[in-house]
Protein chains: 2
Amino acid sequence: MSRTIAVLGGTGPEGFGLASRWAIAGETVVVGSRDPKRAQEAAGKIKQRAGANAKVTGMENSAACAAADLLVLTIPFEGHVALLKQLKPEFRAGAIVVDATVPLAASVGGRASRTLGVWQGSAAQQAAELVPSGVAVVAAFQNVGAEILNAEGPVDCDVIVCSDDAEASKTVRALAAKIPGVRALDGGKLENARILEQITALLIGLNIRHKGHSGIRITGLPPAAYSGH
Amino acid sequence: MSRTIAVLGGTGPEGFGLASRWAIAGETVVVGSRDPKRAQEAAGKIKQRAGANAKVTGMENSAACAAADLLVLTIPFEGHVALLKQLKPEFRAGAIVVDATVPLAASVGGRASRTLGVWQGSAAQQAAELVPSGVAVVAAFQNVGAEILNAEGPVDCDVIVCSDDAEASKTVRALAAKIPGVRALDGGKLENARILEQITALLIGLNIRHKGHSGIRITGLPPAAYSGH
């Protein structure tokens, strides 16, 4: 299948890291940004890392959305509602939105080791309210740090995937498992995104306290539970 | 130091597992229960597992509290407030309360894969409101499942420890690291207990979905961050 993955916020470190990893894995990737020029520059850098045959381009966010079957949101929480409203007319039918957004209190001047309470329960559930019907929302990638994605070598972190759409969840688990080292787990319904988002705040606190780049692994499940391993 | 550790709710699987592990490690352990007879029976079973020299006794919860320097709460959330009110006159000066309680929605007839919202932020923060001044509250052990503790061999799970009392947190990290396989991490202030409690709900969901006994490991931190390794 010749799907296209757009990473919106793909010029930021988290989005850049994910876009690079998928470009290396042979996926067709669009880097989305408010500024198409910055998006193209980021795409150029990813090509340097992933090789000349890498299928990476850069576009303004709305154009990236219109071009993509699967969109990954790696944006600051303060831009979450506005971006989803902007994208609403652009979605392809049957598109999947993968929300990696974390409502860090830093969005309103607080600490990155705390989250804001989102009325819907989580940023991903907020996204589910803002996408057109027929677009599936999947929560994933909140716990994989940018530094780890942008470093060389395998990623020592599991990706827990939550969605109310079982097929979309499966697609995203397979995509996650394309990143070397990542094991993807079915984390159940989208409502569990609130826990994934809060784990990020905990990991940020651990990073600050212990000067590291932390991730999580889930132990004790049968091998079949983990996609890609 | 000849401290005494009381595990309240020590006849339940989680408390029994922790009490056994610490008895095996040579600690002086009191199993606390509403029913002193059941507490004594559990203590007898722990001796069978830990050996005849194990220092384990069983007592009613209030008596166990009065006898202990460090109390571990492994009780259902629906008994949390009542037990802490009952214990209030019994605490030794300078005692440490380690709260492993998780406010699962199952406490009010809901799912064990969801948590209740606790006004104070978490069960552990609720505990901090209910103990006498001078008693430190530490949140820990929510994410280590009973099945893993009661199985033989090392525990494949990290214990994240949160407290506003740095000394008490350190004491509990050292105690956690006495369980083979466990690495203990400073998870910051007590307010972060809300995240630890919710991780348990996520792990329970994973256990149900994948038929396992899950735990968590934190990756990517320097070795010095982990007590006991």
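Every number in this text was worked out from the coordinates using simple rules, so none of it is lab data. All values derive from a computational prediction rather than experimental measurement. Note that each Cβ is placed from the backbone with ideal geometry, even for glycine, and that neighbours are counted across all protein chains shown.
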Within region B:119-129, residues buried (at least 16 other Cβ atoms within 10 Å of the Cβ) and within 13 Å of chain A (Cβ to nearest Cβ) come out as B:Gly121, B:Ser122
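For region A:90-107, which positions are outside any helix (DSSP H, G or I) and either touching a Pro at 6+ places or on another chain (Cβ under 7 Å) or surrounded by 16 or more Cβ atoms within 10 Å (Cβ to Cβ) (or both)? Spell out how you get there, then give the answer.
Residues of region A:90-107 outside any helix (DSSP H, G or I): A:91-104.
Selection gives A:Phe91, A:Arg92, A:Ala95, A:Ile96, A:Val97, A:Val98, A:Asp99, A:Ala100, A:Thr101, A:Val102, A:Pro103, A:Leu104.
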Failed criterion for A:Arg173 (all others in (1) within 15 Å of the chain's Cα centre (by Cα); (2) more than 17 Å from A:Leu149 (Cα to Cα) hold): (2)
Pairs, first over 24 Å from A:Ala127 (Cα atoms) in region A:159-183, second of a type in the set (D, E, K, R) and buried (at least 21 other Cβ atoms within 10 Å of the Cβ), C-beta under 6 Å, six or more apart: A:Ile179/A:Arg21; A:Arg183/A:Asp158
The one condition in (1) surrounded by fewer than 17 Cβ atoms within 10 Å (Cβ to Cβ); (2) in contact (Cβ under 8 Å) with a residue 40 or more places away in the chain; (3) within 24 Å of A:Arg194 (Cβ to Cβ) that B:Gly110 fails to fulfil: (2)
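Quickly run through region A:178-187 and pick out the residues that are more than 7 Å from chain B (Cβ to nearest Cβ), surrounded by 20 or more Cβ atoms within 10 Å (Cβ to Cβ) and of a type in the set (Gly, Ala, Ser).
Initial filter on region A:178-187 (more than 7 Å from chain B (Cβ to nearest Cβ)): A:178-184.
Those left that are additionally surrounded by 20 or more Cβ atoms within 10 Å (Cβ to Cβ): A:179, A:182-184.
Matches in region A:178-187: A:Ala184 only.
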Can you pull out the residues in region A:197-207 that are more than 8 Å from chain B (Cβ to nearest Cβ) and surrounded by 23 or more Cβ atoms within 10 Å (Cβ to Cβ)? A:Glu197, A:Thr200
Please go through region A:35-57 and pick out each residue that is closer than 11 Å to A:Gly9 by Cα and either under 17 Å from the mean Cα position of the chain (by Cα) or in contact (Cβ under 8 Å) with a residue 60 or more places away in the chain (or both). A:Ala39, A:Ala42
For the structure I just gave you, tell me whether B:Gly134 is touching a residue at least 12 places away in the same chain (Cβ under 8 Å), within 11 Å of chain A (Cβ to nearest Cβ) and in a loop (DSSP other than H, G, I, E, B). no
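Out of B:Leu190, B:Leu175, which single residue is buried (at least 20 other Cβ atoms within 10 Å of the Cβ), closer than 22 Å to B:Arg114 by Cα and more than 9 Å from chain A (Cβ to nearest Cβ)? Spell out how you get there, then give the answer.
Details: B:Leu175 fails: closer than 22 Å to B:Arg114 by Cα.
Result: B:Leu190 is the single residue among B:Leu190, B:Leu175 that is buried (at least 20 other Cβ atoms within 10 Å of the Cβ), closer than 22 Å to B:Arg114 by Cα and more than 9 Å from chain A (Cβ to nearest Cβ).
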Looking at region A:18-26, can you tell me whether even one residue there is touching a residue at least 60 places away in the same chain (Cβ under 8 Å), crowded, with 24+ Cβ neighbours inside 10 Å and assigned to a loop (DSSP other than H, G, I, E, B)? no
With B:Ala52, B:Ala39 as the choices, which residue is of a type outside the set (Val, Ile, Thr) and buried (at least 18 other Cβ atoms within 10 Å of the Cβ)? B:Ala39
Of all residues being facing another protein chain (nearest Cβ under 7 Å) and more than 22 Å from the chain's Cα centre (by Cα) in region B:208-229, which is surrounded by the fewest Cβ atoms within 10 Å (Cβ to Cβ)? Just the residue, please. B:Pro222
